[in-house]
Structures are given as structure tokens and as C-alpha cells.
Amino acid sequence: MAANIHVGLCGSLQVGLVYMFNLIVGTGALTMPKAFATAGWLVSLVLLMFLGFMSYMTTTFVVEAMAAANAQLKWKRMEKHKDDEDEDSSSGVSDSDVLLQDGYERAETRPILSVQRRGSPNMFEITERVEMGQMASMFFNKGKLCVLCYLCTTFSFPAVGVNLFYFCIIIYLYGDLAIYAAAVPVSLVQVTCSATGNHSCSVGDGTKYNDTDKCWGPIRRIDAYRLYLAAFTLLLGPFTFFNVQKTKYLQIVTSLMRWIAFILMIILALIRISRGQAEGHPSMAQLSGIRNLFGVCVYSFMCQHSLPSLVTPISKKKHINKLVLLDYILILAFYSLLSFTAIYCFRNDSLMDMYTLNFTNCEIINVAFIRYFLGLFPVFTISTNFPIIAVTLRNNWKTLFHREGGTYPWVVDRIVFPAITLIPPVLVAFCTHDLESLVGITGAYAGNGIQYLIPAFLAYCSRKDAELVFGSGTLNKHRSPFHHSFWIVFVLIWGFSCFVFVTANIVLSESKL
């Protein structure tokens, strides 16, 4: 996940798609090889392709909703300007007050042909960045337009639709932080404990270590893990209490390191396979691994929440849906290449939760610098992203509880919100370092809501909203190729079915223990 991504002054579509590629291909990709091995190569490939298709579909839903939101903002600004001229009203009323509080009464009473003239294709041009939270406020609060929000208003909770969005994004960000907080100590333990004593260069040889095994002298591996977690929290946790700015060059360096690491891993695996040293014999299907694979794939295709920052700066958006499709095809090919080279290069039981750790073995690569670079790669990249995501989560908490015209006391603003942001994920990381499960659960629950349910509801509500304001004949120039209502119903059924499946699978798995 990235925050405040800008495509630059040119705003070319190609640059924007490169940013999208970098945004999607992140930490989740490092846990995908083990998930592939656990579920079987055929099941994994089919599910990866299907979930990639579903993610592309909901991406087009979000782009369509962004265009509808831009049209609403432009139309309401025109209405406000007209009313100011007619009524000579006070200029102290802000645009945001009008945009959020301006009801639909004028749209419903105005002659429909008059409204339709305003619904020109240029109205749907995406020129303003409208974040998903703002779109949720614009569309989900109109209960009569949306089934979900209608149910909310029936039970006297007019803002439940918006709150559900923030609930999903907050849980997802908590999962992100917990994964990051666990991944750094895990990598450090694997590298430093294996570089001492009798374990030198043996991380990737299939040896499985227990938490109670010794690391340094009397210090057990689990103790070393918690010491690293404490150090990680003390070093990076304080950034949660401040604003993180000017991270552009840091993010560029992080992206370069990520691509060097991924390319190195693929090349090293291919060299080992070409030399006949491959040890992997993956099965075709293991249904028991589908739950984690589903969560990992959803997490690995996540980009919907950052689309406004990616799409808005692009200058020419005419063919954006086609080029986003090309982006997804390339990402699908990359994930397949990374995972297949991994499962055929290494035995299933030797694949690590964090794939980079399989390359810290001297038998794989005898260059010490490359071994340590790959082994410590998650430490460098995650450490730069952790403060950004923590600040994003903190700001979402503030937005969720914000009331119009209200301000937070200093203690609440500077202490309470950062504390509730930082403490829960650190506690989760303290209790477990099972990265595959953390990624799987985060993707299967919060990721499911953000990637499937919220985009589908946004597309449905924004379409109804546009029909009411501009008339049924108005065409959104960025309409999704999947504009038939069948696709929205299909996504919603799929999303809710995934919730049920994952929950039932967890319950049944726990009952067998």
C-alpha cells in the first residue's frame, strides 16, 4: 500500500500504470510462493487468474464511481454559483459544506431535460481527486439510492454506509501494520540467528527451527524475535505521533530495491532449475490450502483504495480501462513466474513464509552480499512503509470520529489516536509471527470488503445517483465495461460467499485441532 502517490507534471498514462504496478506488487507477493505450494499449482493458478479478473472488474467500478463523483462535484458547484447569483447569498459558505450537505431536492424538482443538458461527457472527466471515503460520504449517505444504505436509515443509522467503509479500511490497515511488524523481526531472526553458531548458511536447506531453539547463547529464537519487535516498535513507533512528509525519494529507492530483489530471486531460481538442482515436486491441488491462498491473492491484488491518487493526475484517460487490463495481465504473469519458479526450485516443506529467506543459503548463492541483501530486503522496504501506513491509519481514525466544526483535545489528537494506531498491531505481532496466516486473514476479511463489496456498492449507488441528477440517458464516459447490473450482483454474492467460506473453514480447522 502507498500513500499520496503522485504521477508528476506530465501525468502520462504509462507512468501512472507503472505506479499501479509498483503499488500492487508488494509484500503480499513475498508470501505467495508458499501459498502456491500449500494449495497446489493448478488450483493456485486458476484461483489467481480468477481473483485477478475480479480485482480488475472492481477497479473499473471504482474508476466509474470516481467519474460520477467528479460530475456531482461540478454540478453542485454550478448550482451553488447559480444560487449565489440569484440570491446574492453569503460568500462564507464553503464548497465542502455545499457538497456534503446539499441535498437532492433541487435535482428532483428541476425539470429533467434541464438537468440532462448539464450531464455532458466533460462533466464525467476525472479532474479532481475524490478519495474512497469521500465517495462513500457522497453516495452511501443517500439511503433511498442504495439498498445497503436504505437498511441503515431504516434502523436510524444514516451514516452506517460510511462507517462500514472506514471499518474495512481501518481493519485492513491494522492487518498491514501487524504483517509489517512481524515480517521485520522474522527476517532479522532468520538472518542473525542462522549466521551464528552451527547454523551458518543453513536457512534455506529445509531445516525447520522451533521458537524454543537457541539463537545466541541462552537466548531462544522467540526471545530474539520479541527483542527485535521491541526495537522495531521503539525506532519506528514514534513516527505515528507525527506527520510523515517528503517520502518521494525514499519511495523511489524502496521501489528500486524491490525490483532488484524480485528479479534476483527469479533469476537464481531459474539458474538452479536449469542446472537440474530443482527440489520441488508440487501437487496439483490441496483444498486445505485454498483459504490462505485466497487471502494472499486478494491482498496481493489490492489497489482499489489508492486508485484516486493514481488515476486523477493522469492527463489522458480515454483508454484507461484497457491499459489497466494490460497492467493486470502483466502482474498476473509476474506472480505466476515468481511462484512457479519457487515451487519447482524448493521443496514444499522448505519454502519460507517470507520467500526472500530461502535465498540466504550458501548452496543457492555463494555471494554473501546478495544473501544478506535478500535476507534483509523486507527489513529495509517495510521499515520505510510502516510510518506512512501508521499515519494513514491514524488519520482514518480521526476522520471516522470527526464531527463538523469540532476539534479534538490535544491529548486525544496527539496521544490517544496514535496509541490506538500503534498498540494493537504490535500486540498481534507479539502473539504470532505466522505471516502467511496474517496475510491470509487480512486479505480474506478486510481485503474482501475493500476489493469487492465497497467498489460494487459504490458503482451501484453512483449509477443511481447519476440517473437521478442527470437523467437516465446520460452516459458516463468512464463507465465500466461490466456495466450490466448482473456483474454487481455477481461481485456482491462472491464477496459475501467468501466471507462465509473463509469463516467456516477457520471454524472447521479449529474444531479439528
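The values are calculated or read from the model by the stated rules, or taken from the named source; none is laboratory data. Computed from a predicted structure; not experimentally measured. Positions of Cβ are generated from backbone atoms using ideal geometry, with glycine treated the same way; all protein chains shown enter the neighbour counts. Areas reflect the complete protein model, heavy atoms only, side chains present, ligands, DNA and RNA absent. Shrake-Rupley method; radii C 1.70, N 1.55, O 1.52, S 1.80 Å.
Miscellaneous remarks
- Taking the conditions (1) modelled with pLDDT of 85 or more; (2) among the hydrophobic types (A, V, I, L, M, F, W, C); (3) under 17 Å from residue 464 (Cβ atoms); (4) open to solvent by 20 Å² or more (accessible area, probe 1.4 Å) in turn, residue 171 satisfies each one other than (3).
- Residues in segment 340-364 that are within 10 Å of residue 37 (Cβ to Cβ) and under 20 Å from the mean Cα position of the chain (by Cα): there are none.
- Within segment 35-49, the set of residues being in contact with a Cys (Cβ under 9 Å, 6 or more places away or on another chain) and not hydroxyl-bearing (Ser, Thr, Tyr) comprises 35, 47, 48.
- Residue match in segment 484-502 (condition: of a type in the set (S, T, N, Q) and farther than 27 Å from residue 134 by Cβ): yes
- Pick from segment 222-262, criterion among the charged types (D, E, K, R) and modelled with pLDDT under 90, ranking: most open to solvent (accessible area, probe 1.4 Å): 246
- So residue 482, is it more than 18 Å from residue 164 (Cβ to Cβ), in contact with a helix residue (DSSP H, G or I) (Cβ under 8 Å, 6 or more places away or on another chain), at pLDDT below 90 and hydrophobic (A, V, I, L, M, F, W, C): no
- Residues of segment 380-408 satisfying the condition of being open to solvent by 80 Å² or more (accessible area, probe 1.4 Å) and not charged (D, E, K, R): 380, 401, 402, 407
Let's see how each residue does on (1) of a type in the set (S, T, N, Q); (2) in contact with a helix residue (DSSP H, G or I) (Cβ under 9 Å, 6 or more places away or on another chain); (3) modelled with pLDDT of 80 or more:
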| residue | (1), (2), (3) |
| --- | --- |
| 41 | no, yes, yes |
| 51 | no, yes, yes |
| 59 | yes, yes, yes |
| 65 | no, yes, yes |
| 71 | no, yes, yes |
| 94 | yes, no, no |
| 98 | no, yes, no |
| 108 | no, yes, no |
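- Of residues in segment 274-301 being in a loop (DSSP other than H, G, I, E, B) and modelled with pLDDT under 85, the one nearest to residue 49 (Cα to Cα): 280
- When segment 40-51 is limited to residues that are open to solvent by less than 10 Å² (accessible area, probe 1.4 Å) and on the phi < 0 side of the Ramachandran plot, the one that is farthest from the chain's Cα centre (by Cα) turns out to be 44.
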